[in-house]
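A.B. asks: Could you have a look at this structure, given as structure tokens, before my questions?
The values are calculated or read from the model by the stated rules, or taken from the named source; none is laboratory data. Note that this is a predicted model, so its numbers are computed, not measured. Every residue, glycine as well, gets a Cβ built from its backbone with ideal geometry; the counts of neighbours run over all protein chains shown.
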Ligand code: SAH
Ligand code: SF4
Ligand code: F3S
């Protein structure tokens with residue numbers, strides 16, 4: 001059996017970066033990588049649980065591989081379903097959660113041993129799952145593997161402690177953990193030495209960053225100073241942790257892109273409260289007014305959820321009007337999807353499919369027109 005590994009990634013940039021980390025660890029352990037599932041003996045799915053649709057895509061992809069290859073499910077669905085994955089997808093050999101990715105090469109070695117046809121092994125048919133890890137070891141970020149030779153994603157914090165009522169991320173990624181700034185800077189330095197010139201700092205809530213001594217704005221200042229770096233940016237920001245000091249830093253730091261992704265989620269105060277977002281519509285609108293005042297030629301993008309439980313036509317209008325008034329360069333519009341573990345799951349998902357679809361379409365059309373006018377193509 002060939003030992004080449006193919007990895008398919010679903011979900012957010014965090015998963016894209018985690019896939020690179022896994023590739024780096026696998027290369028170090030002597031495994032070859034391939035872009036083609038046909039040439040691979042081992043297929044890894046790095047998965048996302050954020051909406052039902054994301055999970056459905058993964059289940060159907062897994063179902064397509066019934067040809068005796070070794071199959072591993074990693075990432076947020078692994079953490080969400082743990083060993084239950086084997087019940088729904090018996091062709092899966094192992095399951096590894098986001099905090100256990102350092103164990104992937106060792107697990108593959110074990111599975112390869114029992115799957116070899118000429119060796120009757122006591123582990124035969126055994127399934128392996130590792131989802132109990134709480135913390136990643138810092139060294140996994142230093143393999144030097146970046147898919148893009150010019151650009152690096154650099155994780156600054158893992159997990160999220162915001163518990164927005166609709167969101168599964170805190171349950172599958174755990175509470176927020178901040179990497180030490182010296183470790184982050186070391187990783188960037190190593191990347192720059194390899195010829196990388198652009199960096200994106202990653203976290204589910206980057207503005208909350210603090211390692212005890214260095215906060216987010218200070219971190220931006222330190223990164224801006226790095227020799228060889230041409231440009232950098234960050235995602236994702238949370239409105240409740242965003243303030244004028246960030247905008248001032250964005251205006252001053254010459255290498256920092258004038259780009260802010262600031263999810264609004266809803267324009268209705270009642271829904272924002274039910275979502276546990278921690279800000280009001282007015283707070284958000286005042287914030288971006290400051291942003292546009294302080295940062296010249298500033299780009300602004302957002303995320304919106306339509307059809308949250310109890311959302312009325314009036315609530316929806318508030319969101320629609322907010323988008324119309326703000327004129328985001330781009331907006332990512334999602335239909336509410338109930339998630340296990342979350343607070344909102346306890347509420348009745350009472351906005352009927354037809355209304356969710358109608359609201360989704362209306363906002364998409366509005367935003368398409370705005371994005372076209374503002375020449376932003378990156379919308380869906
Ligand atoms: N930490 C980031 C990204 C979280 S996931 C943030 O706070 O913005 C990306 C987006 O998916 C969210 O901003 C939200 O708009 C959407 N999302 C999350 N959970 C969802 C759910 N249950 N149903 C529909 N959309 C959801
Ligand atoms: Fe989810 Fe909210 Fe955390 Fe974003 S900030 S990851 S939406 S809990
Ligand atoms: Fe999805 Fe996990 Fe990212 S649920 S959005 S891949 S943190």
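A.B. asks: What are the residues in the range 74-95 that are closer than 19 Å to residue 5 by Cβ and part of a loop (DSSP other than H, G, I, E, B), if any?
C.D. replies: 89, 91, 92, 93
A.B. asks: Right, another one. Could you list, in sequence order, the residues of the range 334-365 that are in contact (Cβ under 8 Å) with a residue 40 or more places away in the chain, in contact with a strand residue (DSSP E or B) (Cβ under 9 Å, 6 or more places away or on another chain) and farther than 16 Å from residue 310 by Cβ?
C.D. replies: Of everything in the range 334-365, those that are in contact (Cβ under 8 Å) with a residue 40 or more places away in the chain, in contact with a strand residue (DSSP E or B) (Cβ under 9 Å, 6 or more places away or on another chain) and farther than 16 Å from residue 310 by Cβ turn out to be 334, 360, 362, 363.
A.B. asks: Something else now. Residue 203: in the same structural domain as residue 262 (by TED's automatic domain parsing), within 15 Å of ligand 1 (Cβ to nearest atom) and touching a strand residue (DSSP E or B) at 6+ places or on another chain (Cβ under 9 Å), yes or no?
C.D. replies: Yes: the conditions hold for residue 203.
A.B. asks: I need a count of the residues in the range 30-46 that are more than 16 Å from ligand 3 (Cβ to nearest atom) and closer than 23 Å to residue 114 by Cβ.
C.D. replies: Looking only at that region, the number is 11.
A.B. asks: Out of the range 307-349, which residues are more than 9 Å from ligand 1 (Cβ to nearest atom), assigned to a loop (DSSP other than H, G, I, E, B) and under 22 Å from the mean Cα position of the chain (by Cα)?
C.D. replies: If the condition is that a residue be more than 9 Å from ligand 1 (Cβ to nearest atom), assigned to a loop (DSSP other than H, G, I, E, B) and under 22 Å from the mean Cα position of the chain (by Cα), then 328, 329, 340, 341, 343 are the ones that fit.
A.B. asks: Still on this structure, I have one more. Which residues, taken from the range 156-210, are within 13 Å of ligand 3 (Cβ to nearest atom) and in a loop (DSSP other than H, G, I, E, B)?
C.D. replies: Within the range 156-210, 159, 160, 162, 164, 166, 167, 168, 174, 176, 203, 204, 205 qualify.
A.B. asks: Does residue 248 meet the test of being more than 16 Å from ligand 2 (Cβ to nearest atom), assigned to a loop (DSSP other than H, G, I, E, B) and touching a residue at least 24 places away in the same chain (Cβ under 8 Å)?
C.D. replies: Taking the combined requirement at face value, the residue does not satisfy it.
A.B. asks: While we're here: Determine if the range 118-138 includes at least one residue that is in contact with a strand residue (DSSP E or B) (Cβ under 9 Å, 6 or more places away or on another chain) and in contact (Cβ under 8 Å) with a residue 60 or more places away in the chain.
C.D. replies: No, there is no match, as no residue in the range 118-138 is in contact with a strand residue (DSSP E or B) (Cβ under 9 Å, 6 or more places away or on another chain) and in contact (Cβ under 8 Å) with a residue 60 or more places away in the chain.
A.B. asks: Counting only residues that are surrounded by fewer than 19 Cβ atoms within 10 Å (Cβ to Cβ) and farther than 23 Å from residue 373 by Cα, which one in the range 295-334 is nearest to ligand 3 (Cβ to nearest atom)?
C.D. replies: Ranking the candidates gives 310 first.
A.B. asks: Within the range 252-286, which residues are assigned to a loop (DSSP other than H, G, I, E, B) and within 27 Å of residue 231 (Cα to Cα)?
C.D. replies: 253, 254, 255, 257, 258, 262, 263, 264
A.B. asks: While we're here: Report yes if residue 158 is more than 17 Å from the chain's Cα centre (by Cα), in contact (Cβ under 8 Å) with a residue 40 or more places away in the chain and more than 9 Å from ligand 2 (Cβ to nearest atom), otherwise no.
C.D. replies: It is false that residue 158 is more than 17 Å from the chain's Cα centre (by Cα), in contact (Cβ under 8 Å) with a residue 40 or more places away in the chain and more than 9 Å from ligand 2 (Cβ to nearest atom).
A.B. asks: Test of understanding: among 100, 56, which residue is assigned to a helix (DSSP H, G or I) and touching a strand residue (DSSP E or B) at 6+ places or on another chain (Cβ under 7 Å)?
C.D. replies: Testing whether each residue is assigned to a helix (DSSP H, G or I) and touching a strand residue (DSSP E or B) at 6+ places or on another chain (Cβ under 7 Å) leaves just 100.
A.B. asks: With the requirement that a residue be in contact with a helix residue (DSSP H, G or I) (Cβ under 9 Å, 6 or more places away or on another chain) and farther than 20 Å from residue 12 by Cβ, what does the range 136-169 give you?
C.D. replies: Of everything in the range 136-169, those that are in contact with a helix residue (DSSP H, G or I) (Cβ under 9 Å, 6 or more places away or on another chain) and farther than 20 Å from residue 12 by Cβ turn out to be 137, 138, 139, 142, 143, 144.
A.B. asks: Still on this structure, I have one more. Pick from the range 41-52 the residues that are modelled with pLDDT of 95 or more and not in a strand (DSSP E or B): which of them is farthest from ligand 2 (Cβ to nearest atom)?
C.D. replies: Looking at the filtered set, the residue picked out is 52.
A.B. asks: Does residue 27 fit the bill of being within 15 Å of ligand 3 (Cβ to nearest atom), on the phi < 0 side of the Ramachandran plot, touching a strand residue (DSSP E or B) at 6+ places or on another chain (Cβ under 8 Å) and not in a strand (DSSP E or B)?
C.D. replies: Answer is no for this residue.
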